[in-house]
Amino acid sequence: PVALTLTWLGWAAHLAAILARGWAVGRWPWGNMYEFVVAMCFAAVGAFLFMHLRYRNLFLGAFVTVAAALGLGFSVRYLYVQAGPVVPALNSYWVAIHVSAAIIASGLFIMAGVSGILFLVRKDSAVRLPSRQDLERVAHRAIVVGFPIWTFAVIAGALWADKAWGRYWGWDPKEIWAFITWIAYAAYLHARATAGFKGRAAMIVQLIAFACLMFNLVGVNIFLGGLHSYAEVPG
C-alpha cells in the first residue's frame, strides 16, 4: 500500500536525521530530552513496522504514526536545543547500552499504549477500527517483547550509576519512576499469565503502566529534576 511505503520512507528519513545529529555532535544522539524524544518516536514507528512484518498488523499504522508525529511536534516546539556536547557523566559507552535499550522498549510500549487507547474508545459498531481482540493481541505482544528490554535498561542504568556516581541505587526520581514503570508492566504480565486477566481491565492496567512510562521519560525531567536533570529542557 502507498501509506505503508510512505511510512517506510519517513522512517528512513527519520533515521537519516538521527544519524546526522549524531555526526554533528560526534556522540550518540540522545544526550538530552529533545534527542531522546525524537529517538523514541523513531522507535515507535520502527516497532510498528517490525510487528507488521511479523504479524501483519497494518491497521495500527495510521494511529502509531500520528502518535509519533505528535511526539515529534512536541519535541521540536518545546524541547529543541542546539547540537552540542553533553555533561561528562554522559560521555560513556553506557549511553549506547542503557539509553538505547530504554528507547527500543519505549517504542514498543508506545505501540501497546496506542492499542490500549483504541481498545477503550472503540465502539462495537466501529467497523473501520480493528477488533478489540486484535488490539489486545498486538498490545500484549508488544509488551512481551518490550518488558525484558526495559528490564535490561533498568539493570544497565544501575550499573552505569555505580560507575558514574559510585552507587547502584540512590532514590533519584528517574530511578524510582523507572522501577515503578517496571512494576506496573510486570503486574500486567503476571496477571495475564496467572489469572487469565484479559479485556478492558487488562488494557486499563497496561495504560496505567504506559502513563508511568511517559511520566518517567518526560515528566520527571521537567517537574522533578534530580541527578538526571542534565536533560537540558529549555526554560
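The values are calculated or read from the model by the stated rules, or taken from the named source; none is laboratory data. Because the structure is a prediction, the values reported are computed rather than measured. Note that each Cβ is placed from the backbone with ideal geometry, even for glycine, and that neighbours are counted across all protein chains shown. In case anyone asks, the SASA skips ligands and DNA or RNA and just uses the protein heavy atoms, side chains included. Shrake-Rupley method; radii C 1.70, N 1.55, O 1.52, S 1.80 Å.
Taking every protein chain into account, the accessible area of the stretch 61-120 amounts to 43 square angstrom per residue (probe 1.4 Å).
Both the radius of gyration and Dmax for the stretch 58-123 are 15.8, 51 Å, in that order, over alpha-carbon atoms.
Looking at the stretch 96-192, the trypsin sites (Lys or Arg not before Pro) that sit in a DSSP loop and have at most 16 other Cβ atoms within 10 Å of their own Cβ are R122, K123, R128, R167. Residue-wise HN-Hα couplings along the stretch 140-147, as the Karplus relation 6.51 cos²θ - 1.76 cosθ + 1.60 with θ = phi - 60° gives them from phi, are 5, 4, 5, 5, 4, 6, x, 4 Hz; Gly and Pro carry x.
To put it simply, the accessible area of the chain at a 1.4 Å probe is 70 percent carbon and sulfur.
Using C-alpha pairs under 8 Å with a sequence gap of at least 6, the mean separation divided by the residue count of the chain gives a relative contact order of 22 percent. Using R0 = 41 Å, the C-beta based FRET efficiency linking A164 and F50 works out to 0.80. Here the chain is described by how far its Cα atoms reach on the three principal axes: 54, 42, 31 Å, from widest to narrowest. Distance between the modelled labels on L6 and L19, one decimal in nanometres: 2.4 nm (7 Å Cα→Cβ projection). Under the convention that each Lys and Arg Cβ holds +1 and each Asp and Glu Cβ holds -1, the size of the dipole of the stretch 37-144 around its Cα centre is about 280 debye. Model label points for A187 and V76, set 7 angstrom from Cα along the Cα-to-Cβ axis, are 3.7 nm apart.
Could you tell me the ratio Rg/Rh of the stretch 1-123? Both radii from Cα atoms, Rh via Kirkwood. Radius of gyration relative to Kirkwood radius: 1.00.
Sparsely packed loop sites in the stretch 1-89 (the trypsin sites (Lys or Arg not before Pro) outside DSSP H, G, I, E and B with at most 15 other Cβ atoms within 10 Å) comprise R56. Accessible surface of L159, taken over heavy atoms with a 1.4 Å probe and every protein chain present, rounds to 70 Å². Which whole-angstrom value gives the distance between the alpha carbon centres of the stretch 193-209 and the stretch 127-175? When both Cα centres are located, 16 Å separates them.
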